[in-house]
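The values are calculated or read from the model by the stated rules, or taken from the named source; none is laboratory data. Because the structure is a prediction, the values reported are computed rather than measured. Positions of Cβ are generated from backbone atoms using ideal geometry, with glycine treated the same way; all protein chains shown enter the neighbour counts. Side chains included, ligands, DNA and RNA excluded: accessible areas come from the protein's heavy atoms. Shrake-Rupley method; radii C 1.70, N 1.55, O 1.52, S 1.80 Å.
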Amino acid sequence: MDSIWTKTEQLPRFEPLRGDLRTDVLVIGGGMAGLLCAWMLSRAGADCVLVEADRLCGGMTKNTTAKITSQHGLIYHRLLREFGEERARLYLEANQEALEQYRVWSRTIDCDFEEKDAFVYAVDSCRKLDRELAALDRLGFDAVLAG
């Protein structure tokens, strides 16, 4: 399957690493998570190297929609049930802080960042959506049921 990234972007290719190298931090994996880690470490002044077995953004990142959100499906009801309110809230807050950091970074690089509403949906019953909405309300997150 071709993704939008493989159809529209020409990512750089690099020669394989030959020999040894010395670094303080080795980031393994050139997907979005690895690239962001290496970029953040580099900006902080760390001596870091990123290695990738195949191609930058060639694995999971290649097939993403590039959606950055705190709503990863219907998870908050389950997080409340399995981990309790404090941990569920910490997860939500960490995701919200990460999203805010993306907003800040997007002002400094040419990346076509756009803010859009996030939606999850049900194909058969709204009961799961109602539970998720109640969970988000309990965690103090502003969400609405649209119909």
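Of all lysines in the structure, those lying under 22 Å Cα to Cα from residue 116, and not within fewer than 8 positions of it along the same chain, are 62, 67.
Within 10 Å of each candidate Cβ there may be at most 11 other Cβ atoms; applying that plus a DSSP loop requirement, which trypsin sites (Lys or Arg not before Pro) in segment 5-90 survive? Sites meeting the loop and neighbour criteria: 13, 18, 22, 67.
Note that segment 129-140 has calculated 3J(HN,Hα) couplings of 5, 4, 5, 5, 4, 5, 5, 5, 4, 4, 8, x Hz, one per residue in order, obtained from phi through the Karplus relation 6.51 cos²θ - 1.76 cosθ + 1.60 (θ = phi - 60°); glycine and proline are x. For residue 27, nonlocal amide neighbours, meaning residues 5 or more places apart or on other chains whose placed amide H falls under 5 Å from its own, are 49, 50, 51.
Taking θ as phi - 60° and the Karplus parameters 6.51, -1.76 and 1.60, the scalar couplings of segment 45-52 work out to x, 6, 7, 9, 10, 9, 10, 9 Hz in sequence order, x denoting glycine and proline.
What the Cβ-Cβ distance of residue 114 and residue 44 gives, at R0 = 35 Å and to the nearest 0.05, is a FRET efficiency of 0.80. For segment 91-128, applying the loop criterion from DSSP together with a ceiling of 16 other beta carbons within 10 Å to the chymotrypsin sites (Phe, Trp or Tyr not before Pro) yields 113, 119, 121.
Computed per residue of the chain from DSSP H runs no shorter than four, each worth -39500 (n - 2.57), the mean residue ellipticity at 222 nm is -13500 deg cm²/dmol. For segment 12-76, chymotrypsin sites (Phe, Trp or Tyr not before Pro) meeting the loop criterion (DSSP other than H, G, I, E, B) and having at most 14 other Cβ atoms within 10 Å: 14.
Counting 0.36 nm for each residue step from residue 121 to residue 66 and taking away their Cα separation leaves a gain of 17.9 nm.
Apolar share of the accessible surface for segment 95-147: 48 percent from carbon plus sulfur atoms, 1.4 Å probe. Take the chain with all the other protein chains still there, run a 1.4 Å probe, and you get 78 Å² of accessible area per residue.
Remark: segment 5-10, residue by residue, has Karplus-estimated 3J(HN,Hα) of 5, 6, 7, 10, 10, 10 Hz, where x stands for each Gly or Pro and the curve is 6.51 cos²θ - 1.76 cosθ + 1.60 at θ = phi - 60°. Placing +1 on each Lys and Arg Cβ and -1 on each Asp and Glu Cβ, with no other charges, gives segment 85-136 a dipole about its Cα centre of roughly 200 debye.
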